[in-house]
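The values are calculated or read from the model by the stated rules, or taken from the named source; none is laboratory data. Quick caveat: nothing in here was measured; it's all calculated off a predicted structure. For neighbour counting, all protein chains shown are included, and Cβ atoms are generated from backbone atoms with ideal geometry for every residue, glycine included. Just the protein is used for accessible areas: all its heavy atoms, side chains included, with ligands, DNA and RNA removed. Shrake-Rupley method; radii C 1.70, N 1.55, O 1.52, S 1.80 Å.
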Amino acid sequence: MARSKIITLSSPKVSIIFDASDNNLVIRHWGAVIEYQGADLQAATTKSVAKSGFDEPLVTGVLREHSRGFLGHPTIGGHRNGKAWSTYFSLAKVDHTDSTLTAHFADVSAHLNLELSYQLNEFGILKASALLTNTGSDSYNLEQFTYWLPLPDRANEVMDFTGRWSHERHPQRHAIRYGLSTREIREGRSGHDYTIAQLALAGNTEFAHGEVWGLSVAWSGNSVHHVERLATGDISIGAGELLEPGEIILAPGATHTIPSVIANYSDEGFDGLSHNYYRWLRARPTHPTNVRPRPLTLNVWEAIEFDHDSEKIKAIADAAAEVGVERFVLDDGWFNLRRDDRAGLGDWVVDKSVWPQGLAPIIKYINEKGMEFGLWFEGEMINPDSDLFRAHPEWILHEAGRTPPLWRHQQVLDITHPGAYEHVLNQVDAILSAYNIAYIKWDHNRVLVDAGHLGQAAVHNQTAAIYRLFAELKKRHPKLEIESCASGGARIDLGIIDYVDRLWTSDNNDALERQMIQRWTGIAIPPELCGTHIGPRRGNQTKRTTDISFRAITALFGHAGIEWDITSAEPEELAVIKSWVALYKSKRQLLHSGKTIRVDHPDSNSFVYGVVAQDQSEALFAIAARDMSDSTFPAMACIPGLDPKKIYTVKVLTGAGNSKRMEVNEPAWMLNLEGVTLSGVELATIGLRPPILPPENAILIEISGAQ
Ligand code: DGJ
């Protein structure tokens, strides 16, 4: 056995140990921090030679190749017109620091070079990225590249997220069985059904405890996520871009940048995992809360849809200013022909039939009311009924002369075409240059099918083009904020996050649905990036009626806003909105910087969750009854995360309105309006007696004044 060269990348809580030996790069460990490596790690982990097996111990490196005897899902697949279909990469060189490792591989037969890099940051987030170069004299057709990380044998469950329009990110969890557990997205955007992160679990993982390994492709196009358990016993997790046939063909000498993946590990449950993601994202200088506090937003979509009546919009603006809204967003319907969803996409010029003097008067009106202005676009789309389509019917993604089936009466504009890209960039840029626009909501309302450009699959290039376009818009308009929306939450992923400042979590503003959607979007995305709006009394999608206080408390835990015609609100509702807006403003610093805690509450009919300041000086929690509790007196709400030794003042906040009760009087602690005092350890281990709430009601608890 050749001498192994052990290289460890470590952060305070996570280590990854590589072994560069025998012309191979093997990961011996990815998980909890290990400070010391025994010299015999290789010997300790090497397999025996089994009967009816290869005559040498099988070693699985970071590149999983058939040529080395690996029989599971490979890392790379491709060919040169049927040749060079099997690779054998040799490890030429490894460069590393304490936090990065770059392995240079070469396959002299397949004529490929691969540079594979791992970067572990201080928050325990591991980013893997790769560059593939064709060193041959003919084209190489890359069919797939999946990054894989090994899991220990104790990883016994897989959890991922599924969903559909208005019902995003619902968890599904099951045992890791033999074979592949795979989630594929083929809709050309991350999708409502996108998993955000594929998770492997060990130790009955819940929010507060247990091990969890997460992997996500940092990409907004097609994707694949796997967990694999082989008959050999090996368990691993993999992710990558999903490629259509012929999508990536490398010309001789060409280098292809393979979309990266983000790996995350915690032995402190789902909350620990989220904490790592949040700390990493919040450390970015461009993270929105590092620029300014997140403005309370009102979006007019659900209030008016396509009815752009300026008097009505002004009336909503008056009401918005009155309650303290800081950003007012004009949604779909402001541009040429867009009187409904059948026409106009592609022509980003103001519709003079509804805005005869352009948008300047309404923007001035809104600015004078003390609010900034935001505007909706859907630049990657085109309606056949548009001037753009009439001029360039060829500028749609399509294959073999076929027209893809319409979806919401629209096609996908081929922004891999330089002319189409320039058209969108210039028209959007012209609007942003002409008007005082602080923010754009960028929608993407249909899936990509048959998405070809000049006979070649084009989802990869389309995704790269939208990243380029966002970057260019921000370069030209440095203060511009962009929201990623896609029929609600269908483009929320760890790739788009580098280009946008807000994610529209869902088109479903029904608070009961939102409790679940926001809880699990929060697995990877911190609350300040998730748009959370108070919707109308009767939810537009579910038609369920919920009280203002439940909607207000639910919408508080995010980048809060309003999606409702508040000119129709009752005076009592307006009073609640006003005090809720003030509450949001006073708590947003805590809400957008603290540690999110989702309590492992024994009563599954209620959610208990909140945010604790990083210095444990204060916290804000909610108890939300989603359904009837099974017992008369709901289970005690334990509130972890505070300093066990400190004494806090605990009281109910009514700034988001008063919820209903199913009791004659409240638990004693709630009757004391000044609050009661409890230590952090008492809150965590004994907890608070919740009131008896009817379903779809919640309370807010303020914990402050640490002594
Ligand atoms: C879908 C979005 O999710 C909505 O918020 C709204 O912007 C509509 N599109 C407008 O067409």
Within the set of pairs 6+ apart or on separate chains, which have a first residue in the stretch 359-374 that is without any contact (Cβ under 8 Å) to a residue 12 or more places away in the chain, a second that is open to solvent by 60 Å² or more (accessible area, probe 1.4 Å), and C-beta atoms under 9 Å apart? Lys364/Asn436
Note down all Cβ pairs under 7 Å where the first residue falls in the stretch 294-316 and is under 27 Å from Leu529 (Cβ atoms), the second is away from the ligand (no atom under 12 Å from the Cβ) and open to solvent by 30 Å² or more (accessible area, probe 1.4 Å), and they're at least six residues apart or on different chains. Arg294/Arg588; Pro295/Glu326; Pro295/Glu372; Leu296/Glu326; Leu296/Lys585; Ile304/Lys312; Ile316/Thr567
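Filter the stretch 52-93 for residues that are charged (D, E, K, R) and either within 23 Å of Tyr178 (Cβ to Cβ) or surrounded by 14 or more Cβ atoms within 10 Å (Cβ to Cβ) (or both) and give the result. Full working, then the answer.
In the first step, residues of the stretch 52-93 are kept if they are charged (D, E, K, R); the result is 55-56, 64-65, 68, 80, 83, 93.
Arg64, Glu65, Arg68, Arg80, listed by residue number.
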Which one of the conditions (1) over 17 Å from Lys587 (Cβ atoms); (2) basic (Lys, Arg); (3) outside any loop (DSSP other than H, G, I, E, B) does Lys660 fail to meet, given that it meets all the rest? (3)
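Suppose we filter Val212, Val261, Val224 for residues that are closer than 26 Å to Tyr118 by Cα, open to solvent by less than 40 Å² (accessible area, probe 1.4 Å), assigned to a strand (DSSP E or B) and in contact with a helix residue (DSSP H, G or I) (Cβ under 6 Å, 6 or more places away or on another chain); which single one remains?
Values: Val261 fails: in contact with a helix residue (DSSP H, G or I) (Cβ under 6 Å, 6 or more places away or on another chain); Val224 fails: in contact with a helix residue (DSSP H, G or I) (Cβ under 6 Å, 6 or more places away or on another chain).
Only one candidate qualifies: Val212.
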Being touching a strand residue (DSSP E or B) at 6+ places or on another chain (Cβ under 7 Å), part of a helix (DSSP H, G or I) and farther than 30 Å from Thr297 by Cβ is the filter here; which residues of the stretch 412-466 pass it? Ala420, His460, Asn461
Output yes when any residue across the stretch 446-453 is open to solvent by less than 10 Å² (accessible area, probe 1.4 Å), within 16 Å of the ligand (Cβ to nearest atom) and among the β-branched types (Val, Ile, Thr), and no when none is. no
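Yes or no, residue by residue, for (1) assigned to a loop (DSSP other than H, G, I, E, B); (2) charged (D, E, K, R):
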| position | (1), (2) |
| --- | --- |
| Gln37 | yes, no |
| Ala44 | no, no |
| Ala50 | yes, no |
| Asp55 | yes, yes |
| Leu63 | yes, no |
| Phe70 | yes, no |
| His73 | yes, no |
| Gly77 | no, no |
| Trp85 | yes, no |
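When you scan the stretch 307-411 for helices (runs of 4 or more DSSP H) that lie fully inside it, which ones turn up with 2 or more residues that are among the aliphatic types (A, V, I, L, M), within 15 Å of the ligand (Cβ to nearest atom) and surrounded by fewer than 19 Cβ atoms within 10 Å (Cβ to Cβ)? Show your work before the answer.
Working: elements: 310-323, 360-368, 387-391.
The helices (runs of 4 or more DSSP H) meeting that bar number zero.
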As an exercise: evaluate Glu481 against (1) farther than 29 Å from Asn290 by Cβ; (2) open to solvent by 10 Å² or more (accessible area, probe 1.4 Å) and give the number of the one condition it does not meet. (1)
How many residues, within the stretch 492-511, are charged (D, E, K, R), more than 8 Å from the ligand (Cβ to nearest atom) and open to solvent by 10 Å² or more (accessible area, probe 1.4 Å)? 2
Matching residues in the stretch 542-573 (surrounded by 17 or more Cβ atoms within 10 Å (Cβ to Cβ) and in a helix (DSSP H, G or I)) number 11
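I'd like to know if the stretch 469-485 contains one or more residues that are of a type in the set (A, V, I, L, M) and within 16 Å of the ligand (Cβ to nearest atom).
Within the stretch 469-485, one or more residues are of a type in the set (A, V, I, L, M) and within 16 Å of the ligand (Cβ to nearest atom).
Would you say Asp429 is within 16 Å of the ligand (Cβ to nearest atom), surrounded by fewer than 23 Cβ atoms within 10 Å (Cβ to Cβ) and among the acidic types (Asp, Glu)? Quick ask: steps written out before the conclusion?
Working: within 16 Å of the ligand (Cβ to nearest atom): no; surrounded by fewer than 23 Cβ atoms within 10 Å (Cβ to Cβ): yes; among the acidic types (Asp, Glu): yes.
It is false that Asp429 is within 16 Å of the ligand (Cβ to nearest atom), surrounded by fewer than 23 Cβ atoms within 10 Å (Cβ to Cβ) and among the acidic types (Asp, Glu).
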